[in-house]
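The values are calculated or read from the model by the stated rules, or taken from the named source; none is laboratory data. Worth saying up front: this structure is predicted, and the values here are computed from it rather than measured. We place every Cβ from the backbone using ideal geometry, glycine too, and count neighbours over all the protein chains shown. Accessible surface is based on the protein model in full, side chains and every heavy atom, while ligands, DNA and RNA are left aside. Shrake-Rupley method; radii C 1.70, N 1.55, O 1.52, S 1.80 Å.
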Amino acid sequence: MTHFHPTIKKLQTAAAASALLGAALTAHAGEVEVLHYWTSGGEAKAAASLKATLQAKGDTWKDFAVAGGGGDSAMTVLKSRVVSGNAPAAAQIKGPSIQEWGAEGVLANLDDVAKANNWDALLPKVVSDVMKYKGSYVAVPVNVHRVNWLWANPEALKKANAKMPTTWDEFFVTAEALKKAGIIPVAHGGQNWQDFTTFESVALGVGGADFYKKALVQLDPATLKSPTMLKALTTFKHVKDFTDKNAAGRDWNLATAMVIKGEAGMQFMGDWAKGEFVAAGKAPGKDFLCAAAPGSAGAFTFNIDSFAMFKLKNTANVQAQKNMAAAIMAPEFQETFSLNKGSIPVRLNVDMAKFDDCAKQSAKDFVATAKTGGLVPSIAHGMAVSSAAEGAIKDVVSQFWNTDTMTAEQAMDRLVAAAKTK
Ligand code: GAL
């Protein structure tokens, strides 16, 4: 048994007290390491607004940006960091993946922040359910992106004497006209998440919201292999005929830049593309057009960005993490961030006065489609199925896009098999 000399004990008590005091004094000056993949023009501006919000609270932002649209590279890096016991404070994790991380036991409980700030009342239930693991908040939602958009350059359309298409038949007429005018009809980046983004918009437009849900949310084998899926796959592959030969590997924002410059006429992409147009000083309705992807005006593929928070030991950093969670849900931040990002606020009843017509349309359709059943989760952006099934289906879609010898029938068989991936 160890006996401490009374003076040593006193010294130890004093040291402990001063350590506590130190912790209290620095409670407002923690550090939050933030893993994200917002590195393009519009995204970087949006990320900077988050950093500024955090720093205004006296905390420090430690940037952990992993470039790569759609976040596949970021998720790989995140896994290796968490496995080695060195998780960041916050990571851009979305949809069902939040549950997967929750089950690992590594996420922090944010219920006190959520309660103090009334999150349950401020968020649509479809959103708050995703942010909770076993009934407790472990993540905070940032915004709502709509994925089923078609972007276009009005000058290019004018040169080709073509119009913004609303149906698939019209789309191919416009694409042909652009081609004849010497303009690349569709700006595409041949990366599998971009192929998948285009595919889900085609599937939604060709088959409608019920088909989309059965095929790409419920993964029903009979729908994955059906005449409607055959039509969706054939239409999707036909879009490729209107992309350029340099598409392989191109980043999405470089594809958007082609539309901005008028080298290309149209792009299928979520409304983070609008962040690029806006960052380039372009105005919607004048310099660029937005419309629901052909055939999908009555539906809305949602993609909600969110940050999951990891368990931390340092109390100052835990406080900074909570500060960040609270700041993300504050109305001013919700507005500023989405104005830069191209999205709409996730918080209910935020004033849309400062937003452009594309965002206003998105906000209106978000509410309307929630009532009609047209509101569906984006499979390409991690909202609909497990990350394992998503990855397997995404691979089939890209193989089909890239392999001219693969038939749509073969692709359907592979989709059915991929959907069983656990
Ligand atoms: C999405 C993400 C968006 C945007 C886009 C391109 O998955 O939700 O915030 O960053 O990828 O990276």
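Assorted remarks:
- Across the stretch 299-330, the number of residues qualifying as out of contact with any Leu (no Cβ under 8 Å at 6 or more places or on another chain) and within 15 Å of the ligand (Cβ to nearest atom) comes to 5.
- Scanning the stretch 230-265 for residues that are over 28 Å from residue 285 (Cα atoms) and open to solvent by less than 10 Å² (accessible area, probe 1.4 Å) turns up 232, 233.
- Matching entry among 109, 143 (being part of a loop (DSSP other than H, G, I, E, B) and among the polar types (S, T, N, Q)): 109
- Among the conditions (1) part of a helix (DSSP H, G or I); (2) away from the ligand (no atom under 16 Å from the Cβ); (3) over 25 Å from residue 130 (Cα atoms), residue 44 misses just one, which is (2).
- Residue check, residue 101 farther than 20 Å from residue 346 by Cβ and either away from the ligand (no atom under 14 Å from the Cβ) or not in a loop (DSSP other than H, G, I, E, B) (or both): no
- Any chance residue 103 is under 22 Å from residue 39 (Cα atoms) and modelled with pLDDT of 95 or more: no
- Test: residue in the stretch 353-374 that is of a type in the set (D, E, K, R), more than 15 Å from the ligand (Cβ to nearest atom) and open to solvent by less than 30 Å² (accessible area, probe 1.4 Å): yes
- Of all residues making up the stretch 164-200, the number that are closer than 25 Å to residue 215 by Cβ and of a type in the set (Val, Ile, Thr): 5
- Per the listing 62, 51, 57, 10, the residue uniquely basic (Lys, Arg), more than 16 Å from the ligand (Cβ to nearest atom) and modelled with pLDDT of 95 or more is 62.
- The listed residues are 234, 174, 223, and the only one of them that is more than 24 Å from residue 246 (Cα to Cα), in the same structural domain as residue 288 (by TED's automatic domain parsing) and more than 16 Å from the ligand (Cβ to nearest atom) turns out to be 223.
- Test for residue 307: is it among the aromatic types (Phe, Trp, Tyr), outside any helix (DSSP H, G or I) and surrounded by fewer than 23 Cβ atoms within 10 Å (Cβ to Cβ): no
- Residue within the stretch 70-89 that is within 13 Å of the ligand (Cβ to nearest atom), assigned to a strand (DSSP E or B) and open to solvent by less than 60 Å² (accessible area, probe 1.4 Å) present: no
- Some residue of the stretch 200-215 being within 16 Å of the ligand (Cβ to nearest atom) and either over 22 Å from the mean Cα position of the chain (by Cα) or buried (at least 24 other Cβ atoms within 10 Å of the Cβ) (or both): yes
- Every residue from the stretch 334-387 that is farther than 19 Å from residue 127 by Cα and among the hydroxyl-bearing types (Ser, Thr, Tyr): 336
- Of the helices (runs of 4 or more DSSP H) contained entirely in the stretch 324-422, those carrying at least 3 residues that are small (Gly, Ala, Ser) and within 26 Å of residue 232 (Cα to Cα) fall at 357-372, 387-402, 408-418.
- Members of the stretch 146-192 that are open to solvent by less than 10 Å² (accessible area, probe 1.4 Å) and either assigned to a helix (DSSP H, G or I) or without any contact (Cβ under 8 Å) to a residue 60 or more places away in the chain (or both): 156, 157, 171, 174, 175, 178
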